[in-house]
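Here the structure is laid out as structure tokens; the discussion comes afterwards.
The values are calculated or read from the model by the stated rules, or taken from the named source; none is laboratory data. Values in this document were obtained by computation on a predicted structure and should not be read as measured data. Because the Cβ atoms are built from the backbone with ideal geometry, glycine has one as well, and the counts that use them run over all protein chains shown. The accessibility values were calculated without ligands, DNA or RNA, using every heavy atom of the protein model including side chains. Shrake-Rupley method; radii C 1.70, N 1.55, O 1.52, S 1.80 Å.
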Amino acid sequence: MRTAKRPAVTMPGNEMANRLSAIDWQQVAGDLDSQGHTLVSQLLTPGECAAVAAMYPDDGIFRSRVLMERHGFGRGEYKYFSCPLPGLIAGLRTFAYPYLATVANRWNAAMAIDVRYPEQHSRFIEHCHAAGQTRPTCLLLQYGTDDYNCLHQDLYGAQVFPLQMAILLSDPGRDFTGGEFILIEQRPRMQSRAEVVPLRQGDAVIFAVHQRPVTGLRGTYRVKHRHGVGRVRSGHRHTLGIIFHDAL
């Protein structure tokens with residue numbers, strides 16, 4: 001049965017642009033270079049988190065629903081937003097991109113990858129569409145007790161932006177327990193390194209989609225990354241995912 005459509009979460013573009021401009025992007029870039037991820041505290045307010053999470057039952061604003069267990073991805077489910085994206089989500093994707101494109105271009109140069117990303121997200125989306133990647137990839141994830149997300153990389157075609165963002169919408173300890181955000185880093189000829197990123201409601205973690213450059217004694221090499229979510233021990237956990245490339 002189709003759920004009655006709810007108002008989309010809106011936000012004036014300049015408000016999100018101003019909020020993002022207040023972030024210390026030099027610190028963000030340094031964290032991304034050194035460890036492949038960074039934490040942005042309280043990017044969304046509790047009210048905004050609740051409003052985005054409350055959108056989940058509204059099938060009218062999503063293009064598809066994925067049951068993770070059916071595909072071997074873990075347990076839980078998620079939905080991909082359709083276009084046009086709700087205002088707050090579109091604002092995050094549009095206005096965070098230019099800051100991260102600077103890092104992405106520097107990474108590609110260091111890894112001898114010829115691809116360079118344009119300054120504006122709309123131009124990058126044109127490249128995605130020209131490659132046949134026309135489906136938006138921002139998504140809303142929902143986990144219940146005993147749900148989890150296997151380690152993975154969010155790759156949807158040849159056009160890949162190397163950074164993405166996840167925002168925790170639920171309140172740890174009140175809404176759920178467990179469900180830690182996990183990052184795995186695999187360096188050549190070395191054992192993998194795992195890191196649990198402690199998130200509060202409204203916090204955003206920005207992280208490498210699949211690889212980043214690291215400088216060693218013999219020059220620069222590529223470090224592989226994967227991410228996932230540990231088992232939710234109780235309650236319900238919602239997360240907003242901001243992926244900057246579109247899908248085939």
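Worth pointing out:
- For segment 113-201: rounded, prolate or oblate by the Cα gyration tensor [a/c cutoff 1.5]: oblate
- Mean residue ellipticity (222 nm) of the chain, computed from DSSP H runs ≥ 4 via -39,500 (n - 2.57), nearest 500: -8000 deg cm²/dmol
- In terms of its alpha-carbon gyration tensor, segment 6-117 comes out oblate; a/c meets the 1.5 threshold, while b/c is at least as large as a/b.
- Area of ASP114 that stays accessible when all protein chains are in place (1.4 Å probe, Å², to 10): 140
- Relative contact order of segment 63-143, pairs being alpha-carbon contacts under 8 Å that are 6 or more residues apart, as %: 38
- This model, with +1 at the C-beta of Lys and Arg and -1 at the C-beta of Asp and Glu, gives segment 73-131 a dipole about its Cα centre of some 140 debye.
- Dipole in debye (nearest 20) - segment 64-166, about Cα centre, beta carbon charges: Lys, Arg +1; Asp, Glu -1: 180
- Sequence-separation-based contact order of segment 116-237, relative, with Cα cut under 8 Å and 6+ spacing, percent: 36
- Electrostatic tally near SER192: other residues with Cβ closer than 10 Å to its Cβ, Lys and Arg +1, Asp and Glu -1, net +3.
- Neighbour net charge for THR145 - beta-carbon separation under 13 angstrom, K R +1, D E -1: +1
- Shape category assigned to segment 71-116 from the gyration tensor of Cα positions, a/c cut at 1.5: oblate
- Each Lys or Arg adds one and each Asp or Glu subtracts one; over the other residues with Cβ under 14 Å from the Cβ of ALA29, this totals -1.
- With the charge dipole of the chain set up from +1 on Lys and Arg Cβ and -1 on Asp and Glu Cβ about the Cα centre, the Cα lying farthest toward the positive end among the listed residues LEU67, GLN35, VAL52 is that of LEU67.
- Positive-pole candidate from VAL196, LEU168, GLY178, dipole of segment 168-225, charges at beta carbon: VAL196
- Lys, Arg +1 and Asp, Glu -1 on Cβ, resulting dipole of the chain about Cα centre, debye, nearest 20: 540
- Reported to the nearest whole Å, the Cα centre-to-centre distance from segment 138-169 to segment 101-116 is 22.
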